[in-house]
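Asker: So that we are looking at the same thing, I have put the structure below in structure tokens.
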Amino acid sequence: TQAIMEAACELTAAGVKVIPEIEVPLVGLANEIKILREVCEKVAKEIIERTGTNVPYTIGTMIELPRACVAADQIAEHADFMSFGTNDLTQTTFGFSRDDSGKFLEEYVDRHLMPQDPFVSIDENGVGKLMQLAVELGRKTKSGLEIGICGEHGGDPQSVVFCHNIGLDFVS
């Protein structure tokens, strides 16, 4: 937060419009984002006061854990935005490492256990349902909550269509 806000204040003072988005990773509990948001706000306030440059900013979280998906309504109370880390969400949902899964995923696809590699295209029946639930719960708490994804799935056309269909605002 400190480096982001210092750079944002410097750029703003130079006439550049900057609105930093501070993203807290791996949140699974509402109290985590609540406490970390307070820390980020304290640091941002100190830097804004020290530099005399007011910079608007947002604080959000990366949704990478199945628990975060089912608690998205509570997490959204303390987040300005949420972004799915679909690579990590896939790993934590399936319980296997992307690094190790290359040894067996091809066989899973060949034997029709899976329609495709879930690290290439979002597993709509598992990971996708968690994402959809998180979108519904998060927007139940905050109707205008900005939600998107970042990661390799953003380069997969089938995954992008799925993200659009569940109402995501951005894919990166």
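The values are calculated or read from the model by the stated rules, or taken from the named source; none is laboratory data. Everything numeric here is computed off the predicted structure, so don't read it as measured data. Cβ coordinates were reconstructed from backbone atoms using ideal geometry, including for glycine residues, and neighbour counts include every protein chain displayed. Just so you know, the surface numbers come from the protein's heavy atoms only, side chains and all, with ligands and any DNA or RNA stripped out. Shrake-Rupley method; radii C 1.70, N 1.55, O 1.52, S 1.80 Å.
Asker: What number do you get for segment 1-96 when its Cα radius of gyration is normalised by 2.2 N^0.38 Å, N = residues? Spell out each step's value before the answer.
Answerer: Numbers: Rg = 15.2 Å, N = 96, 2.2 N^0.38 = 12.5 Å.
Against the compact-globule rule of thumb, the ratio is 1.22.
Asker: Taking each pair of different alpha-carbon atoms in segment 50-93 once, compute 1/r for the pair, average those values, and report the inverse of that mean as the Kirkwood hydrodynamic radius in Å to one decimal. Walk me through the numbers before you get to the answer.
Answerer: Values: mean 1/r = 0.0845 Å⁻¹.
Taking the inverse mean of 1/r over all distinct Cα pairs, segment 50-93 comes out at 11.8 Å.
Asker: Which of Phe170, Gly144, Val160 sits closest to the plus end of the dipole of segment 93-172, meaning its Cα is farthest towards the positive end, when Lys and Arg get +1 and Asp and Glu get -1 on the C-beta?
Answerer: Gly144
Asker: Starting from the 7 Å offset along Cα-to-Cβ, what nm value, one decimal, do you get for the label separation of Leu113 and Leu11?
Answerer: 4.5 nm
Asker: Let me check something: with ligands and nucleic acids excluded, how do His112, His164, His153, His78 order by accessible area (1.4 Å probe), largest to smallest?
Answerer: Values: His112 160, His164 135, His153 0, His78 40 Å².
Largest to smallest exposure gives the sequence His112, His164, His78, His153.
Asker: When the chain is fully extended, how far beyond the present Cα-Cα distance does Val39 get from Thr58, taking 0.36 nm per residue of separation? Before the final figure, lay out each step's value.
Answerer: Numbers: separation 19, 0.36 × 19 = 6.84 nm, distance 1.32 nm.
Full-extension gain reported as 5.5 nm.
Asker: I would also like to ask the following. Comparing Thr53, Thr61, Thr141, which has the greatest mean-square fluctuation in the GNM of the chain with Cα pairs linked when under 10 Å apart?
Answerer: Among Thr53, Thr61, Thr141, the largest mean-square fluctuation in the Gaussian network model of the chain belongs to Thr53.
Asker: Just want to confirm a number: the relative contact order over the chain, from Cα pairs under 8 angstrom separated by 6+ residues, in percent. Mind dumping the intermediate values first?
Answerer: Numbers: 270 pairs, mean separation 36.7, N = 172.
Once divided by the residue count of the chain, the mean separation gives 21 percent.
Asker: Let me ask another. Most mobile of Lys34, Lys142, Lys103 per a Gaussian network model of the chain (Cα springs, under 10 Å)?
Answerer: Largest GNM mean-square fluctuation: Lys103.
Asker: Rg and Dmax of the chain over Cα atoms: what are they, in angstrom?
Answerer: Calculated on Cα positions, Rg and Dmax stand at 18.1, 62 Å.
Asker: What distance in nm separates the two pseudo spin-label positions at Phe170 and Arg50, each 7 Å out from Cα along the beta-carbon direction?
Answerer: 2.7 nm
Asker: Can you tell me the orientation of helix 127-141 relative to the chain, as the angle in degrees between its alpha-carbon axis and the longest Cα principal axis, to the nearest 10?
Answerer: 40 degrees
Asker: Given the Cα-Cα distance of Leu133 and Gln158 and 0.36 nm per residue of separation, how much length would full extension add, in nm? Spell out each step's value before the answer.
Answerer: Numbers: separation 25, 0.36 × 25 = 9.00 nm, distance 1.92 nm.
Here the answer is 7.1 nm.
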